[in-house]
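In what follows, a structure is listed as structure tokens, so that the remarks can point back to it.
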């Protein structure tokens, strides 16, 4: 099927994607399907930045149904598409939004109405019904709503997009660090890279360069002398030993710290907090945030208070918005494609924002922008192309810089 | 490293280095500040950011779920993301996994690991929709994704794999046994044929190093013993296959 599809011809337009997270992988997949020649570079292992570190939630969109309906609608649409094009990459475990306090209950009507308005299918459950399904929930819960959340593997799901692009002829380099962008007559025409496998340096040339580096996108954009409105906004997650719930358990309230528990293999992952930093490479794991994950999480599932810790870590979200935002919570979760021709630089596009659940949709919109720029008249087809399993990613010998 | 931690002490890291085209490998020494919560992965990333940007290593999830940061730490297989540096002594030696070709520095060629698995292996187990009427059976021990995180630690620790490339190794055999337990449409006879091959279950020397090394409770050695039981029950003993 995908293996026999035609590959981009030698004289097809060539796009260099900087950044091997979910966004870069999905874009490589999208553009190879439209006949574009793709080279992608990632300074570390694929998904080593933000993508692999997230809690592994396939959003139903319910989290955003009250405060950010645009994101909520994106999520529920992409939720259905991803389940169809990545079969076997998601648990069919669903999620619960659980009201614990009277204050949570004040949010209930808005929540239910928001989900309905965004097209998110819900089922309202009495506390006893929720407890039958999830016996370790806080027995004092006041209400629960079931939503189509799911658990995913944060690395292996996105890796399917890399695998499919690779089998269609995309050249994907991990351990290839961008040292600078090549600029010629006001246009970005490539990148100077260092291959960490061989130690050699060289230039990669392309008709267009895409900056898909998430919270690092400001660093890359600066190499072209342009700015992108990105706020690296880390959050702390805490993985506990033991699968304390089967469904994804969310607190029913406006976004806050420690309000989600994602069961993942034999672990329960509690997330998350939110603040903003200047440098996404220097992420602390503040002890008080870890303690808050446990404290807030135990309000949803009391056993969390005593559960044995497996790991605590931070991941930087690439949120779009003003750099002076305090916590990052007020910034939109949606994504943005920036054609830097508006900054006077040709051949350079930044795609940023978004989240794992919307990686395909981000790539579609960015792919549309890129194809318009390159004069390619082929629509996106990723909604209906089943991706190869992640194991296919390793089935071919990798190429390196000569 | 957390801002709230006590002042870090300095540890000496000896890190395996190799770039393609180098005449050989070497250890590079680095002095790294280490606090009580610093993991080996934190320390290696500190080296990358502050001492040597050309150091290559694999990581992704930071919580022992993806299996990318497997390496040898002081001679033992470990996931760097959940291995604290503090208890490891004043000198910490970090090497790539054994029995898998090294691409560069601490990076091994995982393609060589995946090539060993039976073709039918998927990673994520499809799960049933939770019922409204009753909790899923065994909720307290429920595990939905496959336990195996494909990290390669068992292969690195296996003494048979150290002496023979022909052996498929513990992870692949454990995966085959999972398919016997839960076939998901796969023909068990085909799996038994695969596992009964001279490169398969009978080559294990029962050292149990794989189970010792596994960070994800897969217990490959026990699975291999179960496979042998199934093979013997089907009269697929070592005597019925051609020695390879």
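With the cut-off at 1.5 for a/c, could you classify the protein assembly as shown from its C-alpha gyration tensor as rounded, prolate or oblate? Verdict is rounded for the protein assembly as shown.
Between residue B:162 and residue B:86, the C-beta separation translates, for a Förster distance of 41 Å, into a calculated FRET efficiency of about 0.85. Applying 1/(1 + (r/R0)^6) with R0 = 41 Å to the Cβ-Cβ distance of residue B:181 and residue A:203 gives a FRET efficiency near 0.20. Per residue of B:47-59, other chain Cβ atoms within 10 Å of the residue Cβ number 4 on average.
Residues B:42, A:110 in ascending order of nearby Cβ atoms (within 10 Å, fewest first): A:110, B:42.
For a quick check: sort A:23, A:334, A:213, B:93 by the number of other beta carbons within 10 angstrom, fewest at the front. Don't skip to the end; give the middle numbers.
Details: A:23 34, A:334 21, A:213 30, B:93 16.
By the 10 Å Cβ count, ascending, the order reads B:93, A:334, A:213, A:23.
What average number of partner chain Cβ atoms lie no more than 10 Å from the Cβ of the residues making up A:42-52? Display every interim value, and only then the final one.
Values: counts 0, 3, 9, 10, 3, 5, 10, 1, 0, 2, 8.
Mean partner-chain Cβ count within 10 Å for A:42-52: 5.
Across region B:9-108, C-alpha contacts under 8 Å between residues 6 or more apart give a mean separation that, scaled by the residue count, equals a relative contact order of 33 percent. In this structure, residue B:9 and residue B:50 have a Cβ-Cβ separation that, at R0 = 22 Å, corresponds to a calculated FRET efficiency of about 0.85.
Between the C-alpha center of region A:59-74 and that of region B:18-71 there is a gap of 38 Å. Site pair residue B:212 and residue A:92 shows an inter-label distance of 4.3 nm when each label is modelled 7 Å from Cα along Cα→Cβ. Full extension of the chain segment joining residue A:383 with residue A:103 gains 96.8 nm, where the gain is 0.36 nm per residue of separation less the Cα-Cα distance.
For A:216, B:194, B:25, what ranking results if the residue with the fewest other Cβ atoms within 10 Å of its Cβ goes first?
On the way: A:216 25, B:194 20, B:25 13.
The most exposed by this proxy come first: B:25, B:194, A:216.
Read-outs: derived from the displayed coordinates by stated rules, not from any lab. From a predicted model like this one, the values you see are computed outputs, not experimental measurements. Using ideal geometry, Cβ is built from the backbone for each residue, glycine included, and neighbour counts are taken over all protein chains shown.
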